[in-house]
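All of the numbers you see were taken from the coordinates with simple rules; none came from a lab. Since this is a predicted model, take the numbers as computed values, not measurements. Virtual Cβ from ideal backbone geometry, glycine too; neighbours counted across all protein chains shown.
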Amino acid sequence: MDLDEAKEFKERCTQCAAVSWGLTDEGKYYCTSCHNVTEISKEVINTGDIPNTKIQAINRGLKRKRKLEKGWDWYVCEGFQCILCQQAEALKTLGVGPELKNEVLHNFWKRYLQKSKQAYCKNPIYTSRRKAVVLEENLSHSDWESEPELLSDFSFPFVESGAESQSDVNTQKSFPVIKASQSETASVCSGSLDGVEYSRRKEKGIVKMTMPRTLAFCYLSLLWQRETITLSDLLRFVEEDHIPYINSFQHFPEEMKLYGRDKGIFAIESWPDYEDIYKKTIEVATFLDLPRFPDITEDCYLHPNILCMKYLMEVNLPDEMHNLTCQVVKLTGIGEVDFLTFDPIAKMAKTVKYDVQAVAIIIVVLKLLFLLDDNLEWSLSNLAEKHNEKNKEDNPWFDFRKWYQVMKRTVDEKKQKWEEARAKYIWKSEKPVYHSSIDKSVVYKRREMVVSLQKQFSTLVDSTPTVGKKSPSSFQFSWSEEDTDRTCFHGHSLQGILKKKDQSLTTKNSLYWLSTQKFCKSYCKHVTTYEESNYSLSYQFILNLFSFLLRIKTSFLHEEVSLVEKKLFKTKYSKTKKKSSRSRKVRRY
Amino acid sequence: MSDFSGELTRPMAEADQVEKSMLSGTGMSIPWLRKQMETVETGGKKEKDFAKTTSACLGLIQEALLKHQWEKAAEYMHSYFQILEDSDAGKRQAAPEIIWRLGSEILYYHPKSNVETFSTFADRMKNIGVMNYLKISLQHALYLLHHGMLEDANRSLSQAETWRYGEKSSSQDILINLVQAYKGLLQYYTWSKKKMELSKLDEEDYAYGTATQNMRSHSWKTSVNLSALIQIPGVWDPFVKSYVEILYQIVPSHKLMLEFHRILRNSDKEEHHKLGLEVLFAILDFAGCTKNITAWKYLAKYLKQTLMGNHLAWVQDEWRSRKNWWPSFHFSYFWAKNDWTEDKALACEKALVAGILLGKGCRYFRYVSKQGHQGLKKKMKRMNRAVKSYSIVDPGL
């Protein structure tokens, strides 16, 4: 409400008889109490009095671009806000507490808007008054009703800038000028007000919101709340359509029309990648200047001791292995609160990949027990088999071979189904998104064609009901003692592969090989590479099994295993280092 | 379990031996380079999961087709259709043809599919993009032919015939010709059916007149179609045969008839041989061909062949309707003199035919024999011998 510039207009409003006027983008007077817009434009006399923002707003208003479809005016970040809302709601359905949506995610988002100068700040990029109205109708979810403050925050800066900048006209910072003419050409347009400009914007230091980053926000909120959903779980839920991501824009309010450049921003055609989202999580947290996250203590789900137990169960390994994993955790120091807790401000802002690390620990323990050199594990299996045959009454010894057979079959089946589901995944949204007025009709026609073809062929498909949409679960595999078809190894004993040493037990196997001999110290992305043919088949199998479980690349997991080993065998690594620094000769590995 | 690291540092020496070489000892293996090269192919852009989905889906469809799992193939096809909306223009343009090929294959074999489903599918696919119209129309027509639906096939081909789109590319030209050819073939088939019906009708029958008329108009239409086609270089054998057969009915003296005769003669079928004889006689029914030496040579040779093959009945059949007028038409004394002066070779051939058909007592034969006695003794001798052995006339007469 800019009373300053509309003061000269003293007429009574025809609808509500109030004398309280403001100016629209187009420079027409409107009644601030009933929002009745008149046809009377303000005459601009002295352009020197009018701050930069207003000129641009008026300019833009006068050259109002032709919209292809009638609807609300909306900005790209509002679209993202809508999506985050949907995602938070979905998380709530999955069992996450409501505070995540109402407080945590909401605050993160507000902070983002502030940091990216889109709102809550002194010189916002947007100057349209209409924005406030749009947001109000946009955020119809009851939980975000604390929104009035959001609204006022949006409109607040306008008042500030109006009042202040009149005096600071000369010292005012120039901020990105929105060139309306750019988006007027028919071929470059967007349903949102700033779609075109948004995709071109490249400000240094500002993290631009993208679809993958919405997941980063979700994960940060989950981490803050220390919820029992890991990053791999989150991404898996996205792939299984339990969390809106692909085509989430279809659930925008009817009036928020999406076309043109918006397509490139919102219509994503790839599933999220763990590494990518992980990096973005750190990036966003750093950008938002977040403080140290709540501590991850031993009783947290994300603590390696608990996650290891979870994964051991999921992969059908004996419960007894948990002792070993705890040992490894202790020795490597990765169970420490300070190590585990995410602190973006810290110098080396590293978050722990909780799930990947837990799995890496299990792999290390498997290597400790079985060596996994394509030899020892099988001879140990032979021993276990012999023992089990002789002593059918006792608790069976864990037989690696049997476990391998059961797991291979199960995972191969699951993997095949997963690949098939991926091959049949429908990416295109029901309502087509077109680029411009030129291809609108073509795009609609194509969609019609596809729909009719699909209809025709669906009658030819086998009508036996396929397995319905799976209900989301943290566990992809479940094993039970009662199931006679598939052996459950949870209760099996590690007796055959452990031996007594003084007061405690240690592994019969005393050998070990390191996954990586030397770590890369240069600026490349990874510290090690993974070339399959260099490793034993058992190791490859284990890596493939776990990387499928978490939906990550095997090289990624291999790297984590190497890093765990680096901590575990640090003496070995330091010795090697000393050796090489002493000798002049370059040793070829 | 106590101090692990202690346990592990001890047997380190042994571990070294067991240790596998992590970095390849043999050559340079640079896995990241391979990946770089992959992205070079795609122009530096990482392949989107959408593209991975469609290519995996295609693989599954092909696998299902190979295994004859039609329902599964239809299921995957359902998901594959989204490629028509691919953001990649190249893939989008190539899509309709792929979909047509796979879809038509599925619909051809699928137990729940029928002609209607196929036709709906074909009609839809014809209209996606411009370049597929003719190809699909042609294949659709063939499918309909296969199922015995001639009118529908004809309709499809007629529609396709009239298709035009700006500058036709040369590949489309070929397709248009094919369309016309098959249309012509269809017309030939209907004409031939009509002919058969006609032959069953009595001349007195009231329907005879209309049927004949029908047939005539059909013949005309077809011949127009096919004649244009044959101008274009190419191998048109099956079409030529039908064309020529029609022509034989309407224009028996057409210059193609000799060719037709040759084809019939060389065929394996007996009915073709009979037809060959008919054709030959028909050619010589017309004034324009009376001096055609090839025709006479053929007739002479063929008569011998036919009679050697014990098909006297055929010859008698042909001769029955001609014996009243052929002698004066071809074998008059006037002609004998004329032919001998103009073309001795022609005269000899004709003489041979005359001898076979009319006996050695006929005027023509006697004249030529006498005339040839001086210069062409050997030939005359041969002629005499041939007439002696083959003449259908009872020498007793």
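Among the GluC sites (Glu not before Pro) in the range A:446-555, those placed in a DSSP loop whose Cβ has at most 12 other Cβ atoms within 10 Å are A:E481, A:E482. In this simple spin-label approximation, A:E39 and B:I250 carry label points 7 Å from Cα along the Cα→Cβ vector, and these lie 7.4 nm apart. Among B:128-140, B:344-356, B:62-74, the peptide with the highest mean count of other Cβ atoms within 10 Å heads the list, and the full ranking is B:344-356, B:128-140, B:62-74. For the pair B:F286 and B:V115, a Förster radius of 41 Å applied to the C-beta separation gives a FRET efficiency near 0.30, rounded to the nearest 0.05. Shape class of the range B:240-391 from the alpha-carbon gyration tensor: prolate, with a/c at 1.5 or above and a/b greater than b/c.
Give me the number: length gained by fully extending B:S321 to B:K46, i.e. 0.36 nm times residue separation minus the C-alpha to C-alpha distance, one decimal in nm.
90.7 nm
Of B:K241/B:K274; A:K408/A:K518; A:K257/B:K46; B:K48/B:K72; A:K110/A:K431, which sit over 21 Å apart, Cα to Cα? Long pairs (Cα-Cα over 21 Å): A:K408/A:K518; A:K257/B:K46; B:K48/B:K72; A:K110/A:K431. Solvent-free Debye calculation, one equal scatterer per alpha-carbon of the range B:262-302: log10 I(q)/I(0) at 0.34 Å⁻¹ equals -1.15.
Counting other C-beta atoms within 10 Å, and keeping those with at most 16, which DSSP coil GluC sites (Glu not before Pro) do you find in the range A:303-361? Qualifying residues, ordered by number: A:E336.
Shape class for the range A:298-339, computed from the alpha carbon gyration tensor (a ≥ b ≥ c): oblate, with a/c not under 1.5 and a/b at or below b/c. Shape call for the range B:239-289 from the C-alpha gyration tensor, a ≥ b ≥ c root eigenvalues: rounded (a/c under 1.5), prolate (a/b greater than b/c) or oblate? Taking the square roots of the gyration eigenvalues as a ≥ b ≥ c, the range B:239-289 is oblate.
Sort out for me the Cα centre separation of the range B:351-374 from the range B:53-83, rounded to whole Å. Taking the Cα centre of the range B:53-83 as reference, the centre of the range B:351-374 is 77 Å away. Using 0.36 nm per residue and subtracting the Cα-Cα separation, the extra length available between A:T93 and A:D412 on full extension is 111.8 nm.
Between the amide H of A:L505 and those of B:S2, distances stay under 5 Å, these residues lying 5 or more places away or on another chain, with hydrogens modeled in the peptide plane. The distance linking the range A:279-297 with the range A:544-558 is 25 Å (Cα centroid to Cα centroid, whole angstrom). Extension gain, B:E161 to B:D88, is 23.1 nm, computed as 0.36 nm per intervening residue step minus the present C-alpha separation.
For the range A:392-430, the list of trypsin sites (Lys or Arg not before Pro) that fall in a loop by DSSP and count at most 10 other C-beta atoms within 10 angstrom reads A:K392. Here the range B:294-371 is treated as a Stokes sphere of Kirkwood radius computed over C-alpha pairs; at 37 °C and 0.692 mPa s its diffusion coefficient rounds to 260 µm²/s. Here each label is just a point 7 Å from Cα along the line to Cβ, and for A:S441 and B:D268 those points are 5.8 nm apart.
Placing a label point 7 Å from the Cα of B:D237 along the Cα-to-Cβ direction, the residues of the range B:248-282 whose backbone N falls under 14 Å of that point are B:263-269. Treating each Cα of the range A:202-248 as one equal point scatterer and applying the Debye formula with no solvent, the log10 of I(q)/I(0) at q = 0.20, 0.23, 0.27, 0.28 Å⁻¹ comes out as -0.71, -0.85, -1.01, -1.05.
Modelled label positions at B:K67 and B:T294, each set 7 Å beyond Cα in the direction of Cβ, lie 6.0 nm from each other. Each of B:Q180, B:L138, B:N154 was placed along the dipole of the range B:100-187 (beta-carbon charges, centred on the mean Cα), and the one lying farthest toward the positive end is B:L138. Here the calculated FRET efficiency for B:T341 and B:M149, from their Cβ-Cβ distance with R0 = 56 Å, stands at 0.35, rounded to the nearest 0.05. Note on the range A:349-508: semi-axes of the ellipsoid equivalent to its C-alpha gyration tensor, largest first and rounded to whole Å, are 51, 22, 13. Here the calculated FRET efficiency for A:K392 and A:E69, from their Cβ-Cβ distance with R0 = 56 Å, stands at 0.15, rounded to the nearest 0.05.
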